[in-house]
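A short write-up of the structure that comes next.
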Amino acid sequence: MKPSGNTSRLLALLTGLLLAGSASAFDLNSDQPIKVSADSARLDDTEGTAVYTGDVRLVQGEAYLNADRVILHRNEQGVSKVESWGTPAHYSQPARDGQKATDAWALEITWSADENVIVLKQQARIEQGSNEFRGDVIHYDTVRRVVTAEGGSTESGDSGRVEMVIQPRNSEQTDNETGSDGSTQGQ
């Protein structure tokens, strides 16, 4: 089944929102450490977990995650998974290569190095500049650059549908900025 024009534009927008971030998102191959601050911490070397609670802030370079509770999972290679919960949790990655900074909010944000996937669950929202995308669940495969989004139930008072706001093209944009359809020009 061929995607509709709206679906293609949606995927292009999400790819534009998240592509710039895949290079500047938390990166296990980076020389920069992931720094964590919180009100309390519990480290379990046997399980390979660290649980942080109370105004948790993870920072690597200019990328950061703020949440109420975070669990870091470790394997032989280092941090393999970050699970976070907040009201909402907030992930931010800096502007890069002509793209604007990207911010994401959800009640639950999970990043998996092993699966190369970022998952935003419940009241998920992504913003890049004036462009905005909302859904109940958003999956982003950082290797294949595939975004999948789902609307939620209407019990929470939302529409139950995936929603987006795409700003019109601006004649002052450079060739490397995101266009109104979310695509990146000049590639």
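So here's what we get for this one:
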{"quantity": "Sequence-distant residues sharing a close amide H with Val162 (under 5 Å, placed H)", "calculated": "Gly151"}
{"quantity": "Spin-label pair Thr87/Thr53, simplified geometry with 7 Å Cα→Cβ offset, distance in nm", "calculated": "1.4 nm"}
{"quantity": "Spin-label pair Thr148/Arg161, simplified geometry with 7 Å Cα→Cβ offset, distance in nm", "calculated": "2.2 nm"}
{"quantity": "Per DSSP, loop GluC sites (Glu not before Pro) in region 44-104 with at most 16 further Cβ within 10 Å", "calculated": "Glu47, Glu62, Glu76"}
{"quantity": "Highest-first arrangement of 92-102, 123-133, where packing means the average Cβ count within 10 Å", "calculated": "123-133, 92-102"}
{"quantity": "Amide H within-cut-off set for Gln99, under 5 Å, with H built and near neighbours excluded", "calculated": "none"}
{"quantity": "Estimated inter-spin distance, Ala95 and Gln32, nm [label 7 Å along Cα→Cβ]", "calculated": "1.6 nm"}
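Laboratory data are not the source of any read-out in this text; all were calculated from the coordinates shown. None of the values given here were measured: they were computed from a predicted structure. Here the Cβ is made from the backbone with ideal geometry for all residues, glycine too, and neighbour counts use every protein chain on show.
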